[in-house]
Each structure stands twice: as structure tokens, then as C-alpha cells.
Amino acid sequence: MPTLVKYTSFVDVLRRRGVLPEQELDQAWSDAGGMEWALQTRLLEQQVLTEDIQAELLAEQFHLPYERLQDYRVDFEQFPD
């Protein structure tokens, strides 16, 4: 039997976090035609969201942990060619 995962919409996450005032969020959602990917693209283009914030919000949407990897370094010498 498949495992069911509770889905939270991206718009709900934006509302919960208060990224935009409610009226602006409703207008952006309407302008995006009710499509989450289009809303995310618009908010990135308008610099309302950064890619880091988008990643945090997506992790929250799908109930996943989020770790910034900005300072993470891979030691390539540990891997054979």
C-alpha cells in the first residue's frame, strides 16, 4: 500500500510565513493563473523571493528538512578518479 503524504500548497506556506501582504499574494496568485510554478517564477523575477528562500519554502511545503549548503565543501581528494 502506498504511503500517503500530506500536501501543503506553496500559497499556504507563503501565507503562513507572511512573505507578502494577503492582498498582494492573492493578486500574484491570480496573475499566475493559479499555478504554483508560475507564482514562484513571478516572485523570483520580481525579487520578492530569493532562491534560498524559495528552497526553504519548498522544503517546508513538502515537510522536508532544509540545510543551507553555502559553506559546505566537498573534499574531492577522498574520491578516487
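The values are calculated or read from the model by the stated rules, or taken from the named source; none is laboratory data. Computed from a prediction, not measured in an experiment: that's the story for all the values here. Quick reminder, even Gly has a Cβ in these numbers, built from the backbone with ideal geometry, and neighbours come from all protein chains shown. SASA here: full protein model, heavy atoms, side chains in, ligands and nucleic acids out. Shrake-Rupley method; radii C 1.70, N 1.55, O 1.52, S 1.80 Å.
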Against the definition (modelled with pLDDT under 95, under 13 Å from the mean Cα position of the chain (by Cα) and either of a type outside the set (Lys, Arg) or within 16 Å of Leu20 (Cα to Cα) (or both)), how does Tyr72 come out, yes or no? no
Matching option when the condition is open to solvent by 20 Å² or more (accessible area, probe 1.4 Å) and either free of Cβ contacts under 8 Å to residues at least 12 places away in the same chain or small (Gly, Ala, Ser) (or both), among Glu22, Glu60, Glu36: Glu22
Turns out the helices (runs of 4 or more DSSP H) fully within region 1-61 with at least 1 residues that are more than 11 Å from the chain's Cα centre (by Cα) and more than 25 Å from Asp71 (Cβ to Cβ) are 10-17, 22-31, 36-45
Residues located in region 5-19, provided they are open to solvent by 80 Å² or more (accessible area, probe 1.4 Å) and among the aliphatic types (A, V, I, L, M): Val5
